Amino acid sequence: MKVTVVKNVLDANNRIAEENGKLFDQHKMFVINLMSSPGAGKTSLVEQTITALRDGYRIAVIEGDVQDTYDADRIAKLDIPVVQINTGGACHIDGNMIRETFPAFDFGKIDLLIVENVGNLVCPAEFKIGENMKIMLLSTPEGADKPAKYPLMFQESSALLINKMDLLPYVDFDLEKARRDALALNKDLKIFEVSCKSGAGLTAWFNWLGRQIDTFKK
């Protein structure tokens with residue numbers, strides 16, 4: 001019985017996510033679902049991405065957290081349309097939560113919508129929201145075992161950013177193992193080694209994301 005209940009929940013979410021995706025497509029709005037564990041650097045990456053791409057693309061953000069508006073407040077300082085979703089304990093954002101934010105946005109004025117999901121390495125990968133692609137962020141202090149422990153996150157993602165590379169000399173992180181295990185799960189995974197603190201490696205990410213948006217909008 002429990003399996004049936006879970007399947008029904010996922011099926012219902014998939015239908016809503018498909019409807020969301022159709023609406024995004026109608027407005028030529030490219031949507032990324034950014035996922036990671038807590039503290040990996042998602043909000044810092046969002047800030048850096050906005051700063052780098054805002055001259056060429058109109059950007060909006062949806063912030064997901066269990067509670068509080070700390071991350072949304074950070075993004076709002078960049079004068080970017082942002083909506084906070086507080087899940088009230090849920091470990092992920094789902095399609096219906098995304099749909100409830102729609103009245104706050106003018107879709108005709110958005111080229112890129114960044115959804116920063118709740119910090120969690122399990123549930124966000126299971127729940128579609130209508131996105132064009134999922135993006136995974138892994139930080140070096142977390143350890144290189146995460147692809148093996150949480151394979152779905154890496155299988156579902158189009159790109160993996162390995163963040164906090166500036167800490168690599170000081171933490172026990174096997175970079176080659178992380179890359180090898182991630183690519184074994186998803187051979188098409190695009191991997192970027194970055195530091196949101198120093199800015200190292202981020203240009204390649206900005207350029208790649210820009211190409212995805214341009215290709216989608218053609």
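If you scan region 1-23, which residues turn out to be open to solvent by 40 Å² or more (accessible area, probe 1.4 Å) and at pLDDT 80 or above?
Leu10, Asp11, Asn14, Arg15, Glu18, Glu19, Lys22, Leu23
Within region 112-217, considering only strands (runs of 3 or more DSSP E) that don't extend past its boundaries, which have at least 1 residues that are open to solvent by less than 60 Å² (accessible area, probe 1.4 Å) and closer than 27 Å to Ala90 by Cβ?
Because the criterion is at least 1 residues that are open to solvent by less than 60 Å² (accessible area, probe 1.4 Å) and closer than 27 Å to Ala90 by Cβ, the strands (runs of 3 or more DSSP E) in region 112-217 that meet it are 112-116, 133-139, 157-163.
Specify which of the listed residues (Lys42, Lys28) is of a type in the set (Lys, Arg) and closer than 22 Å to Leu137 by Cα.
Residue meeting the stated conditions: Lys42.
Just checking, how many residues over region 90-106 are more than 16 Å from the chain's Cα centre (by Cα) and open to solvent by 20 Å² or more (accessible area, probe 1.4 Å)?
Final tally of qualifying residues: 9.
From Arg99, Arg58, grab the single residue that is farther than 23 Å from Leu152 by Cβ, in contact (Cβ under 8 Å) with a residue 24 or more places away in the chain, of a type in the set (Lys, Arg) and out of contact with any Lys or Arg (no Cβ under 7 Å at 6 or more places or on another chain).
Arg99
The values are calculated or read from the model by the stated rules, or taken from the named source; none is laboratory data. Predicted model, so just to flag it, every value in this text is computed and none were measured. Don't worry about glycine lacking a Cβ; one is built from the backbone with ideal geometry, like all the others, and counts go over all protein chains shown. Ligands, DNA and RNA are stripped out before the accessible areas are found, and what is left, the full protein with its side chains, is counted by its heavy atoms. Shrake-Rupley method; radii C 1.70, N 1.55, O 1.52, S 1.80 Å.
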